[in-house]
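This report concerns only the one structure given below.
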Ligand SMILES: Nc1ncnc2c1ncn2[C@@H]1O[C@H](COP(=O)(O)OP(=O)(O)O)[C@@H](O)[C@H]1O
Ligand SMILES: Cc1ncc(COP(=O)(O)O)c(N)n1
């Protein structure tokens with residue numbers, strides 16, 4: 001079974017962070033593992049408290065799973081402190097993790113900082129250069145580049161500039177840009193591509209970034225080629241947002257079950273394909 005590791009914070013509200021990642025891995029037929037970086041007291045309204053874990057202990061969790069179970073792809077989410085980023089970078093290098101999806105989580109939807117400002121430089125200088133792909137949203141891309149992004153052309157330009165910082169591939173997520181479409185820009189170091197989906201009018205967007213990056217990680221863990229993996233991750237997140245759940249009083253979570261419930265073309269495509277892959281795997285055993 002493909003194995004994926006999420007290195008991220010816990011969201012007690014269950015919509016983002018480690019919880020969103022593990023639910024996504026499970027839905028996409030990948031064995032999910034976790035290394036916790038921080039525990040947050042959080043709900044749909046915002047973040048009420050953050051408790052960071054010691055960097056050595058973050059490292060220990062990664063070493064434990066890497067040395068025994070193995071990792072086909074990994075992703076990072078909330079990393080909060082510079083020393084945690086350094087510990088993760090050292091572990092990724094030592095365990096030769098090639099498929100590393102870096103979601104440069106900086107600020108939660110409600111405005112709470114999930115990465116201290118002093119860590120931004122370490123993220124830029126140490127983590128980006130070992131990323132297989134980095135997936136900033138627009139405010140995160142702006143913080144990485146120290147420049148404004150207001151149009152799709154700005155996003156295309158920003159993707160190239162972030163690639164120049166050392167990441168092999170960049171996806172700039174357009175959830176924060178106004179307009180009828182939710183457009184993501186994809187740059188693989190050579191070509192720029194656009195991924196379009198109708199913008200869904202909903203306030204239930206808690207965990208969209210986490211869910212998108214973990215779906216991408218799952219497909220990469222399954223050995224799917226990059227552009228195809230991104231397309232499938234986009235289908236997964238679009239369905240999860242469309243099926244978003246009105247829980248709590250603020251931004252409700254996305255629905256990781258949405259593809260199963262929908263029984264439409266997207267479901268058939270993804271599950272049909274997965275089913276084929278699973279048969280292949282079983283057939284080869
Ligand atoms: N209202 C929406 N309708 C459709 N897709 C959306 C919507 N909001 C976000 N997305 C998509 O969800 C994914 C996560 O994007 P975004 O919300 O920008 O990330 P983050 O959670 O990191 O801020 C992207 O593929 C984006 O295009
Ligand atoms: C522990 C944790 N990690 C990440 C996010 C970002 O969530 P989003 O995907 O909505 O940007 C969050 N709110 N909490």
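The values are calculated or read from the model by the stated rules, or taken from the named source; none is laboratory data. Small disclaimer: the values here were computed from a predicted structure and weren't measured. Counting neighbours? That spans all protein chains shown, and the Cβs are built from the backbone with ideal geometry, glycine included.
Please work out if residue 184 is more than 8 Å from ligand 1 (Cβ to nearest atom) and either in contact with a strand residue (DSSP E or B) (Cβ under 6 Å, 6 or more places away or on another chain) or closer than 20 Å to residue 73 by Cβ (or both). Taking the combined requirement at face value, the residue does not satisfy it. The residues in region 189-223 that are within 27 Å of residue 9 (Cα to Cα), away from ligand 2 (no atom under 15 Å from the Cβ) and in contact with a helix residue (DSSP H, G or I) (Cβ under 7 Å, 6 or more places away or on another chain) can be counted, and the count is 4. Listed by first and then second residue, the pairs linking a residue in region 25-36 that is within 14 Å of residue 229 (Cα to Cα) to a residue that is surrounded by fewer than 24 Cβ atoms within 10 Å (Cβ to Cβ) and at pLDDT 95 or above, with Cβ atoms under 6 Å apart and 6 or more places separating them unless they lie on different chains, are 25/32; 30/2.
Of everything in region 136-152 that's under 16 Å from residue 107 (Cα atoms) and touching a residue at least 40 places away in the same chain (Cβ under 8 Å), which residue is nearest to ligand 2 (Cβ to nearest atom)? The extreme case among them is 137. Mind listing just one residue for me: the one in region 19-44 that is modelled with pLDDT under 95 and surrounded by fewer than 21 Cβ atoms within 10 Å (Cβ to Cβ) and, of those, nearest to ligand 2 (Cβ to nearest atom)? So the residue we want is 26.
So for region 36-46 (the condition being touching a helix residue (DSSP H, G or I) at 6+ places or on another chain (Cβ under 8 Å), more than 15 Å from residue 210 (Cβ to Cβ), assigned to a strand (DSSP E or B) and away from ligand 1 (no atom under 16 Å from the Cβ)), does at least one residue qualify? Looking for residues that are touching a helix residue (DSSP H, G or I) at 6+ places or on another chain (Cβ under 8 Å), more than 15 Å from residue 210 (Cβ to Cβ), assigned to a strand (DSSP E or B) and away from ligand 1 (no atom under 16 Å from the Cβ), one finds none in region 36-46, hence no. Meeting the requirement of 1 or more residues that are near ligand 1 (Cβ under 10 Å from one of its atoms) and closer than 21 Å to residue 178 by Cα, the helices (runs of 4 or more DSSP H) wholly within region 192-262 are 208-221, 226-242. Taking the criterion of being on the phi > 0 side of the Ramachandran plot and in contact (Cβ under 8 Å) with a residue 12 or more places away in the chain, the only residue of region 81-135 that qualifies is 111. Filter region 47-60 for residues that are out of contact with any helix residue (DSSP H, G or I) (no Cβ under 8 Å at 6 or more places or on another chain) and surrounded by fewer than 19 Cβ atoms within 10 Å (Cβ to Cβ); which is nearest to residue 254 (Cα to Cα)? Filtering region 47-60 for residues that are out of contact with any helix residue (DSSP H, G or I) (no Cβ under 8 Å at 6 or more places or on another chain) and surrounded by fewer than 19 Cβ atoms within 10 Å (Cβ to Cβ), the one nearest to residue 254 (Cα to Cα) comes out as 48. Condition check: buried (at least 24 other Cβ atoms within 10 Å of the Cβ), modelled with pLDDT of 90 or more, away from ligand 2 (no atom under 14 Å from the Cβ) and closer than 30 Å to residue 129 by Cβ. Does residue 186 satisfy that? It is false that residue 186 is buried (at least 24 other Cβ atoms within 10 Å of the Cβ), modelled with pLDDT of 90 or more, away from ligand 2 (no atom under 14 Å from the Cβ) and closer than 30 Å to residue 129 by Cβ.
The set of residues in region 163-182 being away from ligand 2 (no atom under 16 Å from the Cβ), touching a helix residue (DSSP H, G or I) at 6+ places or on another chain (Cβ under 6 Å) and part of a loop (DSSP other than H, G, I, E, B) consists of 165, 166, 167. Exactly one residue out of 91, 16, 87, 66 is closer than 17 Å to residue 213 by Cα, in contact with a helix residue (DSSP H, G or I) (Cβ under 8 Å, 6 or more places away or on another chain) and buried (at least 20 other Cβ atoms within 10 Å of the Cβ), and it is 16.
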